[in-house]
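Contents: one structure, followed by commentary.
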Amino acid sequence: MALAGGSDSEEDGKTETFLLRAVKIAFVVALYWFVSITMVFLNNYLLDSRELNAPLFVTFFQCVVSVLLCLAMNALSALCPNLVDFPSVRFDPKVSREVLPLSVVFIGMITFNNLCLKHLGVAFYTVGRSLSTVFNVLLSYLILKQTTSVYALLCCGVILGGFWLGVDQEGAQGSLSWSGILYGVLASMCVSLNAIYTKKVMPVVDGSIWKLSYYNNINACVLFVPLILIFGEMAKVYSSTRLGDWHFWGMMTVGGVFGFAIGYVTGLQIKFTSPLTHNVSGTAKACAQTVLAVIFSASIKSFLWWTSNMMVLGGSFAYTWVKGMEMKKVQEEPQCKTKAEKSGSGV
């Protein structure tokens, strides 16, 4: 009886552990979806404001909020180290200079990303920003001299096909913005460059994504100032009717908070799942985001329009799966060689 009881309790413990982990993973994935989708819709609301047509200023303000949140988290970590785990951030001009090339790319990424969202809307945003995978392959070859498998290239071909079909269908509906498409292509290129330069700069910030975010946003705040002046957005801000609107500034601040939070929930999802699962989750999130945007705008889309979205999402998912299988194969090869060497020496 005692032995039987012990076996049942062990199985219950394992079941509880599995269920608890499953609940945690589900919560983290749901949190990532909520933060990411909310941030996209919120940015679309802020950028679509007719009273304040200043996308660079909106992006600049969000960078300021991110810097302030980094400093706040740093202070909380010093006061409550057991509750808040955040790396110590102190401004170092040398580190800032070394991060500067990445910061230029970072500015291009968030600026073109927001401009794409402003001109294309949330519904077509996924297709408009879909070429980051294609640019990953192209720039990895041009900069890092890394080749790509035929299967991965075929996935990129599906994404390209979905992109062109989407552009064609959006144009047929009379809602296509060529400037939005251009911003989407540039944003996709900057996303790929950002990933490449991040790998190069990571050792400078001791491998901390939070330190990198801190220096990136500080550099961006400085670099955005001349851009805002050159494009005349400061005058638009001063003449705007929303300058004294506390609701608007509250929404701007919330947008900055969500922009800061997306880095945290992305890392959290990767930690609780895997990079491969994170990419799959991101693809599924983009699908849900598109559906929500179409429902929210109460618009009717053609079958081919939906087909273009499915091609983009399907190609992205397939590319993620192919790269995951290739990485798994590379990791297993040394283990197979080691086992073969051991068996050979044993004989």
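The values are calculated or read from the model by the stated rules, or taken from the named source; none is laboratory data. On a predicted model such as this, the values are computed, not experimentally measured, just so you know. Cβ: placed from backbone, ideal geometry, glycine included. Neighbour counts: every protein chain shown. Accessible surface is based on the protein model in full, side chains and every heavy atom, while ligands, DNA and RNA are left aside. Shrake-Rupley method; radii C 1.70, N 1.55, O 1.52, S 1.80 Å.
Calculate the FRET efficiency for LEU71 and ALA26 from the Cβ-Cβ distance with a Förster distance of 41 Å, rounded to the nearest 0.05. So the FRET efficiency works out to roughly 0.80. A full extension of the chain between THR277 and LEU154 corresponds to an added length of 42.2 nm, given 0.36 nm per residue minus the alpha carbon distance.
On the chain, 68 percent of the accessible area sits on carbon and sulfur atoms, based on a 1.4 Å probe.
Note on segment 51-189: Cα convex hull, mean projected area over all directions, 12.5 nm².
Counting 0.36 nm for each residue step from ILE262 to SER297 and taking away their Cα separation leaves a gain of 10.1 nm.
Evaluate 2.2 N^0.38 Å with N set to the residue count of the chain, then give the Cα radius of gyration divided by it. Normalised Cα radius of gyration, the chain: 1.14.
Relative to the longest principal axis of the Cα atoms of the chain, the long axis of helix 2-47 lies at roughly 20 degrees.
For the chain, the longest principal axis of the C-alpha atoms and the axis of helix 150-172 are separated by about 30°. Here the gap between ALA78 and PHE231, fully extended at 0.36 nm per residue and compared with their Cα-Cα distance, gives a gain of 51.0 nm. With all protein chains kept in place, the per residue accessible area of segment 214-334 amounts to 54 square angstrom at a probe of 1.4 angstrom.
Take every Cα pair under 8 Å in segment 219-325 that's 6+ residues apart, average their separations, divide by the length, and report that relative contact order as a whole percent. Averaging sequence separation for qualifying contacts and normalising by length gives 24 percent for segment 219-325. Each label point was placed 7 Å from the Cα along the Cα-to-Cβ direction; for SER179 and ASP206 their separation is 4.5 nm.
Between THR147, THR59, THR38, the GNM of the chain built on Cα springs shorter than 10 angstrom shows THR147 fluctuating the most.
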